[in-house]
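Student: First, the structure itself, so that you have it in front of you.
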Amino acid sequence: MQLSDAEVAAAGITQAPVAQVPALVQRRGRWWCERCGQTNLVRLPDGRWYCPHCVVLGRLTSTSQLYRFANAAATAGPLSWQGQLTPAQAQAAREVTAAALARRDHLVWAVTGAGKTELLFPAVAAVLARGERVAWASPRVDVVLELAQRLQAAFATTPLVVRYGGAPWPSVAAPLVVTTTHQLLRYYHAFGLIIVDEIDAFPYTAEPGLAYAVQQAKLGAMIALTATPSVALRRAVSRQTIGVSRLTLRFHGHPLPVPQLQLVRAAQLPNRLAPRLLRQIAQAVTGAGRLLLFVPAVAWLPVVARQLQHLGHVATVHATDPARQAKVQALRRGAVDILVTTTILERGVTIPHCAVMVLGANSPLFSAAALIQMAGRAGRASTSPADPVWFVTPHVTRDLLAARREIRALNRAVAP
């Protein structure tokens with residue numbers, strides 16, 4: 001662990017640290033934050049300096065201290081997951097496990113629904129078996145909460161803790177930590193393996209301190225997972241500075257659903273959805289069983305939801321909605337027919353038998369990568385691999401075309 005003096009006092013920790021370091025230090029005439037690695041700090045009126053970049057974890061000033069604690073021993077149990085990997089998954093699992101044991105960074109570049117989580121289980125088990133701790137991190141809280149359930153089922157006898165903003169500090173050490181990437185700022189040389197799930201997602205890509213946190217927290221390898229790697233990651237692959245395992249086929253062997261473009265008048269979004277579009281939404285709910293409907297702004301949620309009330313049970317969800325997990329579960333079990341959502345659910349959420357529609361898909365907030373991820377929520381079950389996807393838009397954009405082009409290219413790559 002790596003905690004500030006304020007955090008140690010607030011948590012009542014009495015354990016003696018193995019090291020105590022200034023939170024902010026001067027290097028080559030510039031102030032540097034030891035917690036997040038950032039240098040453009042701010043001077044306070046009283047002459048002290050503070051770091052605005054990691055202030056979400058508590059303010060650090062030039063008079064603050066960081067305490068680094070020894071990693072507590074924790075016993076892990078064996079892998080209890082009894083599922084079967086496909087040949088492609090098994091090959092990727094062998095590559096990832098070899099990289100993890102050799103402490104080499106590695107990228108798993110896999111289409112949505114390829115089964116990335118399951119193929120990581122052998123690598124996690126191998127690192128835990130040699131007595132080291134594992135962190136499975138994601139930039140998104142929703143992904144963390146869903147992963148925690150799956151990992152606890154896969155490692156049923158292994159102590160596991162979940163870390164995210166607002167969660168209490170765990171009272172016991174655990175060999176398996178499922179956490180948001182922000183919480184890695186509270187660890188120092190703690191993990192023999194760190195898995196960063198959805199590494200291209202916001203806010204990881206927008207905050208350089210998070211990549212620094214991964215490097216500071218790990219003792220061994222970093223395994224990155226994504227269906228839509230950033231330009232920097234693709235460049236690292238081409239330069240062979242990071243290993244890569246590619247999966248271009250979903251676990252059930254069916255192609256990715258190709259989004260259909262649905263052109264509408266700009267004036268119809270979001271206030272006056274056309275009757276034809278409403279009929280299409282009704283057919284999607286009837287055919288797939290449920291619909292995940294993405295919109296570009298929180299202000300759209302109640303406006304769109306009101307127009308859909310006659311089509312079934314409708315709910316809305318966004319990043320600050322405290323009931324968002326309960327609403328996703330309600331969609332899964334059929335208590336909600338249509339879930340209108342912002343991009344908070346574009347990643348890490350698996351809902352079988354689910355159609356997808358993106359309203360206002362021309363929005364500049366929807367990058368090609370985001371559109372691919374949203375489309376990837378459909379067709380994830382082997383019993384409904386062709387769940388429909390629609391991009392509803394007043395006009396076609398480059399990102400829309402790029403998303404459809406990449407999905408088609410992935411399908412061609414595995415076509416017989």
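Student: Name the helices (complete DSSP H segments) of the chain with a Cα length along the long axis of 15 Å or more and a Kyte-Doolittle mean of at least -1.0, or state none.
Tutor: Once both thresholds are applied, what remains is 87-101, 116-129, 141-154, 275-288, 398-413.
Student: Let me make sure I get this right: for the chain, a, b and c are the square roots of the gyration tensor eigenvalues over alpha carbons, sorted descending. Under 1.5 in a/c it's rounded, otherwise prolate if a/b > b/c, else oblate. Which is it?
Tutor: prolate
Student: Just to confirm the filter: which trypsin sites (Lys or Arg not before Pro) across the stretch 240-317 are DSSP coil and have at most 15 other Cβ within 10 angstrom of their Cβ?
Tutor: Sparse-neighbourhood loop trypsin sites (Lys or Arg not before Pro): Arg265, Arg272.
Student: Going by amide H atoms built from the backbone, whose H comes under 5 Å of the H on Ser245, apart from near neighbours?
Tutor: The list, which skips near neighbours in sequence, is Leu107, Val108, Trp109.
Student: What is the distance in Å between the Cα centroid of the stretch 82-158 and that of the stretch 1-60?
Tutor: 32 Å
Student: If pairing requires two Cys Cβ atoms under 4.7 Å apart, which cysteines of the chain are left without a partner?
Tutor: Cys354
Student: At 37 °C and 0.692 mPa s, grab the translational diffusion coefficient of the stretch 1-158 from Stokes-Einstein with a Kirkwood Rh over Cα pairs, rounded to a whole number in µm² per second.
Tutor: Value of D from the Cα-based Kirkwood radius: 174 µm²/s.
Student: Quick one: which residues, 5 or more positions from Ala381 or on another chain, have an amide H under 5 Å from its amide H? H modelled 1.01 Å from N in the peptide plane, none for Pro or chain starts.
Tutor: Amide H to amide H, under 5 Å and 5 or more residues apart or across chains, Ala381 pairs with His353.
Student: Please give the per residue accessible area of the chain, computed with a probe of 1.4 Å over protein heavy atoms only, in Å².
Tutor: Computed with neighbouring chains in place, this is 42 Å² per residue.
Student: Counting only C-alpha contacts under 8 Å and six or more residues apart, can you give the relative contact order of the chain as a whole percent?
Tutor: 15 percent
Student: Carbon and sulfur: what percent of the chain's accessible surface (1.4 Å probe)?
Tutor: Carbon plus sulfur share of accessible area: 56 percent.
The values are calculated or read from the model by the stated rules, or taken from the named source; none is laboratory data. Every value quoted in this text rests on a predicted model; they were computed, and no experiment measured them. Ideal geometry is used to build each Cβ from the backbone, glycine not excepted, and the neighbour counts take in all protein chains shown. For accessibility, only protein heavy atoms count, side chains too; no ligands or nucleic acids. Shrake-Rupley method; radii C 1.70, N 1.55, O 1.52, S 1.80 Å.
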